[in-house]
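The values are calculated or read from the model by the stated rules, or taken from the named source; none is laboratory data. Keep in mind that what you see is a predicted model, and the values were worked out from it rather than measured. Note: ideal-geometry Cβ built from the backbone for every residue, glycine included; neighbour counts use all protein chains shown. These area figures cover heavy atoms from the full protein model, side chains too; ligands, DNA and RNA do not enter into them. Shrake-Rupley method; radii C 1.70, N 1.55, O 1.52, S 1.80 Å.
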Amino acid sequence: MPTTLYLTNISNCTIREWTDTSLEKTGNFLNQSRWEPSGIPSISDVISIASNNSIVNVNSSTSIGSLVIGSLISPSNTTFNIQSPAHFTVASNVSVSFGSSMTMDASQLNTPFLNIDGLVSLKASNINSTLINIKGVMNTLEGASNIGSVNIYPNGLFSSTFSSIKVQGSFEVSGSVDGLYTDLVLEEALDRSTLLNQKSKIIMTESSIICNQTLTLKNGSSIQIDGNSFFYSYYPTTLFGNSTIFSTNIGIISLVSNLTLFDQSIVRANSGGLELLDGDIMIHGRSGIIAGNGSYLSFENSIITMYDNATVTASNSQFNILNGTFTLHDRSYLLLRDSSSLLINSETETSFVTRDQSFCDIRGDSRVVLTGKMEMMDSSNIYLHYSSFLIINGTLKHHDNSFLNSIDSHSQVIGALYLDGNAKVVLNNSTLSLEGSMEMLEQSFIVMNNSASLQVNGGSLSINSSISCKDSNIIVNTGDLISSNGPITINNSIIETSGNGRMIWNGVTNIKDSTIKSGSRLLSISGSIVGENLTIIHSGTDFKVERNGQFICNHCTIHLATGAFTYDLNSTVILNKTIIFNLNSSSFNPLGQSIYTSIGSGISNSGIINLSSNILKLSNNSNNNNNNNSSNIDNLSEPFLNNTEGGQWTFKSNNNNNNNNDNSSTIQVEIKFNNNQGQVSIGNSTIVVFITFNQSNGTLFLNGGSMVSNEPIELHGGQLHGNGKINGTVDNKAATLGQDNSYSRFTINGNYTQSSNGTLFIDINQNSNSNVNITNETKLDGNLIVRIDRKVLNGTEVVFLQSGQKIQGDFNKIKVLVYDPETGEEDDNPPCQYKAQKRENKYSMLVTMCQDEQSKIPVPIIIGVVMGITAIGIATATLIYFRGKIHRRLQYYNENRKSKRNLTY
């Protein structure tokens, strides 16, 4: 810092000293008698006023060589007053010694150098000086000064009120500057700078600083911009060693260049503002930016970088970064609290970067809103809690052991989220919402607890690492949910997809007390899902257990509302106390691999099932589930199958399941087929082995296939028709065996029992007929209906039932329907008589007594044989209608034939 300057280069100068009389300490500067040597001071004079307690006044314009006020040896309490309207010019320098003072009132001082060790006070006055050195105090009030350079030494004070100060040179402060309603302009010039040293202070209240120079603060120095004050800098600003720039009470710091902080320096805003345009901020060595109490910080076209434990803290304040980047390095720390916000809107490639174990703490209803790309790496952390928000309109890349921890908060990515390299996301009663896609790679993982929610809208969720989900939700709307590796753990949570996306599980997933809602086009299991107390609601297109996939469910409920459920070769499906509801608009299409069931499991079908694989029952020893859940399905002692009204269940051959020498395929059904009320069909070359099969209504259709049952096949209603084999006992309690206008041909390798409400329907034409071949015991009761072609020739006997043993019992009612093969309509005027004949081990229909067409009287033919009176030994019975004998009765039947097709008596 420059030292005090004295006049040394004025030639022919006169040194004049002020003298006092014994009675008078006050005098006029132009009183020649007070000077020694006597004379009026002039431009060539070196003036010294050092008398103790002297008061010297000048009130007219005067020019001198130099001026020293006060004693340079000891304080003299000398006062020099420049009074209105004086213009006081000093050619060389003015020095105000310690203990002395110079006051100016509505006047002007022109001097190249002003050295202040004492006090200089200006009121409505101006100073034009090349250099002012302030070691004492300089006060300005309502003045305007033009200064080349200013040096404020330690303990020096420059105080200004309602003034305008323009500094055209350097401005160096080691003392203090205090401005009130003052404009301080530091003019631009080469090699000129502003330097604050040694705990110096600049405090501006309702004032402004315009700094067109480089600004450096050192050693605990500070600038405070207070109460609507304004600090504007066009050149780089650097803070060292605990220095501070502080804006408060709506004070504004505005920088149009770089800002650099070192060594625990701080830029602070308290109800103030900080603006940076086209400059960069670098924060080093535990330095920081602190904003509080509604402060506003705006950075445009700026790069903000934090190093080495640097901090940025906001409390109830707002950061706004436009077209810039924000990067945290080296354990740097970002804290947003008390409803603060960080808004980043940038077109750069990466807008917000956390790395090197840096830490972002977002709490208390605060938020980070980013438009651009955010990247977390190198074990960096983001901690969201107390109802805070992280909103990214772009991309979040989260990798290299970085950690996003959210408690009672919300995160939203409108774009893409990538987790990679041991990255971790923990959601605790929080929401992570994606309006785009999410991909998890390389051992990254998500942990979700306490009503947390992961929601993906319009994009995909790709998981190549692990998720732990407890009391939480994962929702994917429109896009894909894809799990590649794992492990994934989900407890008491909801996983939901919808739209045109996919839910694909490739890894290892454990799901407990949770719900999967699949409304997308694909739910696929290529890895392993182990579910417990799991509910699956599939309302999408396809639900697949892929080749080598594994689906194990304990105490589960699976609703297949739409689409198709398939499981491929080499897949594993194990159900324990689990029910599959295949609903009206859904289909169930296993592709050859067995499904395993255990106690309390079942499949209830009201849609479509195409089964080409086994349904096997696990032994109790293979069930290691110790869950004590008290759901209703626990009360079911055996696994079951149901085919409800409208359900279509088809067993069909699959060459991959071929285990017979005749190219047929066997399907093992080791659980009870409790009830068929829809349609069950067994396809060609297909053998289905049941432990039991019951039907209360509906249809059992053998379409060239075979069925085997260890227990009697109980038909309580509906129909059994088609062509095929039945290995086992058929108990026809109230069903119809056979079908109208169809030729059913059965081989029953076992017993056949028809009860009083059962019906056997036989269809006969010229070339073919229905047939039932029973290898063992046959017991008959109930009804026989024979539908026969009127063109079957006279004398033709058609055997339609054969029994390996003597037939026991007989039909209670027999009805013969004659039809015209050309129209398909029943014939009211049959040409023949028809006899149902029972022999020891067979039943047949005999056509006899046929007449030519011209000799017939048009009468209907209904043949009924009541075979229930077996006690009187009637082996065959024929009721023959003679034209004359029962003419009246036949007329009655003619009149009612049109309204009633089948008459039985």
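Checked against the criterion of being surrounded by 22 or more Cβ atoms within 10 Å (Cβ to Cβ), in a loop (DSSP other than H, G, I, E, B) and either at pLDDT 90 or above or aliphatic (A, V, I, L, M) (or both), the range 652-669 contains not a single residue that satisfies it. No other residue among I529, I504, I516 is touching a Leu at 6+ places or on another chain (Cβ under 8 Å), farther than 24 Å from N584 by Cα and β-branched (V, I, T) apart from I504. When the test is whether a residue is closer than 23 Å to V267 by Cβ and open to solvent by less than 40 Å² (accessible area, probe 1.4 Å), S193 does not pass it. Being under 25 Å from F359 (Cβ atoms) and either buried (at least 23 other Cβ atoms within 10 Å of the Cβ) or not hydrophobic (A, V, I, L, M, F, W, C) (or both) is the requirement here; does G227 meet it? Judged against the criteria, G227 is not a match.
Of the residues making up the range 732-755, those that are part of a loop (DSSP other than H, G, I, E, B) and under 17 Å from V786 (Cα atoms) are A735, G738, Q739, D740, N741, S742, Y743, S744. Scan the range 494-548 for residues that are open to solvent by less than 10 Å² (accessible area, probe 1.4 Å), among the polar types (S, T, N, Q) and in a loop (DSSP other than H, G, I, E, B) and the total you get is 2. Restricting the range 680-711 to residues that are free of Cβ contacts under 8 Å to residues at least 40 places away in the same chain and within 14 Å of G758 (Cβ to Cβ) leaves a set whose member that is surrounded by the fewest Cβ atoms within 10 Å (Cβ to Cβ) is S696. Pairs are defined by a Cβ separation below 7 Å, a sequence spacing of at least 6 or placement on different chains, a first member in the range 385-397 that is at pLDDT 90 or above, and a second member that is buried (at least 24 other Cβ atoms within 10 Å of the Cβ) and not in a strand (DSSP E or B); the pairs so defined are H385/S409; S387/S409; S388/S366; S388/S409; F389/S409. Between L793, L817, the distinction of being in contact with a Cys (Cβ under 9 Å, 6 or more places away or on another chain), under 21 Å from Y743 (Cβ atoms) and modelled with pLDDT under 95 belongs to L793 only. If you filter the range 116-147 down to residues that are closer than 17 Å to T79 by Cβ and among the polar types (S, T, N, Q), you find that the one that is surrounded by the most Cβ atoms within 10 Å (Cβ to Cβ) is S125. Screening R745 against (1) within 24 Å of S604 (Cβ to Cβ); (2) basic (K, R); (3) more than 54 Å from the chain's Cα centre (by Cα) leaves a single unmet condition, (1).
Among the residues of the range 382-411, those identified as polar (S, T, N, Q) and surrounded by fewer than 19 Cβ atoms within 10 Å (Cβ to Cβ) are S387, N393, N401, N405. The set of residues in the range 257-291 that are small (G, A, S) and open to solvent by 10 Å² or more (accessible area, probe 1.4 Å) comprises S257, S271, G285. Can I250 be described as β-branched (V, I, T) and crowded, with 24+ Cβ neighbours inside 10 Å? No, not satisfied. Check N584, N570, N589 and return the single one that is farther than 19 Å from T650 by Cα, open to solvent by 10 Å² or more (accessible area, probe 1.4 Å), at pLDDT below 85 and more than 30 Å from the chain's Cα centre (by Cα). So the residue among N584, N570, N589 that is farther than 19 Å from T650 by Cα, open to solvent by 10 Å² or more (accessible area, probe 1.4 Å), at pLDDT below 85 and more than 30 Å from the chain's Cα centre (by Cα) is N570. Applying the criterion of at least 3 residues that are out of contact with any Asp or Glu (no Cβ under 7 Å at 6 or more places or on another chain), small (G, A, S) and under 25 Å from F240 (Cβ atoms) to the strands (runs of 3 or more DSSP E) found wholly in the range 264-343 leaves 288-292. Looking only at the range 88-121, which residues are hydrophobic (A, V, I, L, M, F, W, C) and free of Cβ contacts under 8 Å to residues at least 40 places away in the same chain? Passing the criteria: F88, V90, V94, F98, M102, M104, A106, L109, L114, L119, V120. For the range 786-825, a residue qualifies if it is hydrophobic (A, V, I, L, M, F, W, C) and farther than 15 Å from S755 by Cα, and the qualifying residues are V786, I788, V792, L793, V798, V799, F800, L801, V816, L817, V818. When the test is whether a residue is open to solvent by less than 10 Å² (accessible area, probe 1.4 Å), closer than 28 Å to N697 by Cα, in contact with a strand residue (DSSP E or B) (Cβ under 7 Å, 6 or more places away or on another chain) and modelled with pLDDT of 95 or more, I748 passes it. For N576, the conditions (1) under 17 Å from Y596 (Cβ atoms); (2) modelled with pLDDT under 90; (3) open to solvent by less than 40 Å² (accessible area, probe 1.4 Å) are fulfilled apart from (2).
Restricted to the range 612-631, and to residues there that are modelled with pLDDT under 85 and outside any loop (DSSP other than H, G, I, E, B), the residue that is farthest from I687 (Cα to Cα) is N621. Screening the candidates I73, I82, I55 for the property of being in contact with a strand residue (DSSP E or B) (Cβ under 6 Å, 6 or more places away or on another chain), open to solvent by 30 Å² or more (accessible area, probe 1.4 Å), closer than 29 Å to N151 by Cβ and at pLDDT below 95 yields one hit, I55.
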